[in-house]
Every structure is written in C-alpha cells, then in structure tokens.
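The values are calculated or read from the model by the stated rules, or taken from the named source; none is laboratory data. Since this is a predicted model, take the numbers as computed values, not measurements. Every residue, glycine among them, receives a Cβ derived from its backbone with ideal geometry; neighbour counts consider all protein chains shown. For accessibility, only protein heavy atoms count, side chains too; no ligands or nucleic acids. Shrake-Rupley method; radii C 1.70, N 1.55, O 1.52, S 1.80 Å.
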Amino acid sequence: MPGVIIVDDLTDLDKARMERDQKKIEVKLERWLTSKCCTEFMEAVQAGVEEDTMVKGIAEDKNPFKELKETTSDNLLYTPEHFAIKESLKKIIDQEINPHVDQWEAEGIFPAHKVFKILGTAGILGVNKPVEYGGLGLDFSYSMAVAEELGNIRCGGIPMAIGVQSDMATPALARFGSAELKEEFLLPSILGDKVACLGVSEVGAGSDVATIKTKAVRDGNEYVVNGGKMWTTNGVQADWMCLLANTSDGPPHKNKSLICLPMKSPGVHIARKIDKLGMRASDTAEVFFDDVRVPCKNVIGQEGMGFTYQMLQFQEERLWAAANILTMMENVILETVEYTRQRKIFSMPVLHHQSVYFRLAELETEVELLRSLVHRATALYIKGNDVTKLASMAKLKAGRLGREVADSCLQYWGGMGYTNDVLVSRFFRDSRLCSIGGGADEVMLSIISKYMDTIPKASPRK
C-alpha cells in the first residue's frame, strides 16, 4: 500500500536504526514516568488544571518529548567528523569574523587575504580537495557542512566570497587541472595564500553562459585574451581568476575553455568596484582584458571543454548556495521569534498573535523541507549521480524562500526592521541575490523543465 513501510523490505541497517530509535524513546519515557515532572503532571490532571497551563509548564524544560538539539546520531548525512569541522569553524566565525562584520559592511570590503589565511590554516578552504594540494581529501558533504556553518556569519557577502574560493573557482581545477596548475593555483588557494575569483558572467551574458564574448586567441604557446567580465566576486582582491573564454569559433558549447589567469598580468584592468544593493562586505568587480597573455598550459583540462566543466561546477555552486542560506534563514527566524516575544502591540506580545506564530511555523517548515532536499541531492552527488535537476530545484527554492523569510520576518520587526541595526534588514538585501546569481530562477525553471521533458518541441520547418 502507498505510504506504508513493509518491514520485510527494510535493510538490516534500517531495522537497526528503528530498533535504536525505539529504545531511545522507551528509555526516555521510562525516565520521565519516574520523574517529578510526571508526578506533577498527573497531580495537575487530577486537580483539573487547564491543559494549556500544563503544556506550557512542561514545555519550559521538563517535557521529554520536547524537541532535542540535533546530535550526530540523528543526522542522516553528517557524521561526528562533520560536526567537529562545523564546531571548529564556528569558533573562527565568533572570534575572527563576526566582531568585524559591521565595519566591513560599512567599508564595502573585507580583508580577504587575512580571513582566507585563517580559514586555510584551519583546513576550511579545501575540505573536499586532494590532500597532496593542502586539502583534507573528504567528500563534498563536508563542503556542505561548511556552507551551512558559514551561514552563522552575520552578513551574506563574506560567506559568498569564501564559497567562490572553495567551491566555485576551484572544483574544475581540482578535478581536471594538471599537476603544475594545481601546484601554482590550487595549493595556495586552499592554504589561503592566494585569493581566487571566477570569471564567467559578462555585461551581455549572465545566466546564458553560452553567449559569452571574451576571447582567448592562441598565439604560439600563449593565449591573447580580450574582453571583459562582470559581477566578479573577489575581483578587486583576487590573485588569479578561473576564466571562461572562447578559444575557438566552433559551436558555443564546444568552443570554450577554463583558464587560470593571474590577475596581475599586464593588460588586466579592474574597471571599478561595483556598488551593490546587498552583499556589501564582498567586493565585486568589473574586469577588462586588453591583450592579456596567458600560457596555453594554463588551460584547465582539455581545450574546448570549458562549458562542460563550468556546468559541473554549477552543480556544486548551486548546492553550496542553498546550504549556506539555510542557517541564515534559521537565524533570522529565531531572532524574529525572540524580538516579537518582547515587542508588544495592543498590550500583548506580537508573537502571541496567531497570524504571526502560524506564519513563523510555516517558514520554519519550509526551511526544513529545503534542508531535506539539499541533503538528499548531496547524498546522491557524492555517490556519483547527476543531480543537476535536484541542485536546480534546491537553488530555485532557496532563492524564493529566502525572499519569503526576509519579507515576512522584517514585517514583524516593524520600524526597527527598516533600519541597518538588525540582521533581518541585512538579510533582506543580501538574500535577494540568491534568485539571480549562479543562475537566475528562470534558468533553474528551464533546467527543471528540460529534465521533466515538458518544454514544447520546436515545430519542424516546412
């Protein structure tokens, strides 16, 4: 029957988990039944105390069925090793990053080399990269754990900049680059000695990657690069760029290559640092290339495979973005709960209005659903599956849910939510990018539709 689990169809592992969980419940129940809390509860029942009053008293601390803080044994994806990395990163965030976020937001830039060196020393920038190049050699799920933990940084720009370094500019290099390229660019990026940026988007080509115009024309043992890149995260401070450029005049999906381009090369011009609506602590540059010469050996993998490599990078980038915004949304909801619990309107806390706590419950539910999707896609990805459809769904939902959380929660903060003094207003600005960068919502919908085979076929020409 649909929706019914047949025990005989379960694996031994599933059965063991069910038995373990059952034992936990039984032990918890036994402890509670012999506790003072249970005695008080039964006495209250006999005395005719109102149910709401009893539940309120129990929920404060004593209820054994009150939601427990997640432990390593409860998580379907993360192991104790994942949580150890998250805990280590949390200390760095609390000590080295969050105390300075307000200043960096006001200045419109953060010291990337300093912050990345701290993270690199802790092994955070290469958790899933090869050990021989400074990484930890773990699977992609560890990058996702890092992405979630980075959501505790009290702005969106710095996590985004870190994500570009660890999971957007370097995956193709780690997978397809030569040993020489990895030694020159990957190793120092993982150690935090060099800052990386990704050069894909252009003024006239954002989500439609196939239409980029930047060219790299072969001249002997070098390419001569001309063109420009837009919306380049870390571009002002970067030491090198993972550049996507046209290296031939062939079909648009087969004429592109990824090239490691040193940003201090003659002919590289930082036209401007872009003044953005949000993500203000992250520097974003417009970059021009004027006859920039790059050795042909700087091509990542095979020439002409750049589009394919970039599409593979997009799977990780989109999953990373969805994972990162999860914790941010959780924090915004939590702070909104605490604020509305204190703020009163019409002689009662804002939180006590049913429309408010129902809406917050809906948002919290949506966040957990997104987490399940992200974790499922990650689990499939580390087993070698193509998760383009699921990654696109996660990215789409993350962007839209981020806007919902930001808008709904800001409303409950009233006038205070319209100031720069609180996290929710910063998140309102920062989260808007999730539906644009790394592939707009409309592109995600197009990809999902292709996998569903629902896009109308073009009529044959007569």
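Checked against the criterion of being closer than 16 Å to VAL424 by Cα, modelled with pLDDT of 95 or more and not in a helix (DSSP H, G or I), region 332-343 has at least one qualifying residue. Across region 108-116, not a single residue is classified as without any contact (Cβ under 8 Å) to a residue 60 or more places away in the chain, over 12 Å from the mean Cα position of the chain (by Cα), closer than 20 Å to GLU316 by Cα and open to solvent by 10 Å² or more (accessible area, probe 1.4 Å).
Considered as a group, the residues in region 275-323 that are at positive phi and either in contact with a helix residue (DSSP H, G or I) (Cβ under 8 Å, 6 or more places away or on another chain) or modelled with pLDDT under 95 (or both) include one that is surrounded by the most Cβ atoms within 10 Å (Cβ to Cβ), and that residue is MET279. Scanning region 136-161 for residues that are open to solvent by 10 Å² or more (accessible area, probe 1.4 Å) and either basic (Lys, Arg) or in a loop (DSSP other than H, G, I, E, B) (or both) returns LEU136, GLY137, LEU138, ASP139, ASN152, ARG154. Yes or no: VAL225 free of Cβ contacts under 8 Å to residues at least 40 places away in the same chain and in a strand (DSSP E or B)? Here the answer is no, as VAL225 does not meet what is asked. For region 246-274, name all the residues that are in contact (Cβ under 8 Å) with a residue 40 or more places away in the chain, of a type in the set (Lys, Arg) and open to solvent by 70 Å² or more (accessible area, probe 1.4 Å). The answer is LYS254, LYS273. Taken over region 319-344, the residue count meeting the criterion of being β-branched (Val, Ile, Thr) and more than 16 Å from LEU369 (Cα to Cα) is 4.
Residues in region 230-247 that are touching an Asp or Glu at 6+ places or on another chain (Cβ under 7 Å) and closer than 17 Å to ARG293 by Cβ: THR247 only.
Just the residues that are assigned to a helix (DSSP H, G or I) and either open to solvent by 20 Å² or more (accessible area, probe 1.4 Å) or polar (S, T, N, Q) (or both), please, taken from region 175-186. ARG175, PHE176, ALA179, GLU180, LYS182, GLU183, GLU184 - these are the residues of region 175-186 that are assigned to a helix (DSSP H, G or I) and either open to solvent by 20 Å² or more (accessible area, probe 1.4 Å) or polar (S, T, N, Q) (or both).
Of everything in region 424-443, what is more than 16 Å from the chain's Cα centre (by Cα), open to solvent by 50 Å² or more (accessible area, probe 1.4 Å) and not basic (Lys, Arg)? Give them in sequence order.
Going residue by residue through region 424-443, those that are more than 16 Å from the chain's Cα centre (by Cα) are 424-426, 428-429, 442-443.
Remaining after also requiring open to solvent by 50 Å² or more (accessible area, probe 1.4 Å): 428-429, 442.
PHE428, GLU442, listed by residue number.
Checking each residue in region 355-378 for being surrounded by 17 or more Cβ atoms within 10 Å (Cβ to Cβ) and of a type in the set (Gly, Ala, Ser) picks out only ALA377.
Residues checked against (1) assigned to a loop (DSSP other than H, G, I, E, B); (2) at pLDDT below 95; (3) among the basic types (Lys, Arg); (4) surrounded by fewer than 21 Cβ atoms within 10 Å (Cβ to Cβ):
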site: LEU198; (1), (2), (3), (4): no, no, no, no
site: SER207; (1), (2), (3), (4): yes, yes, no, yes
site: ALA210; (1), (2), (3), (4): no, yes, no, yes
site: LYS213; (1), (2), (3), (4): yes, no, yes, yes
site: LEU244; (1), (2), (3), (4): no, no, no, no
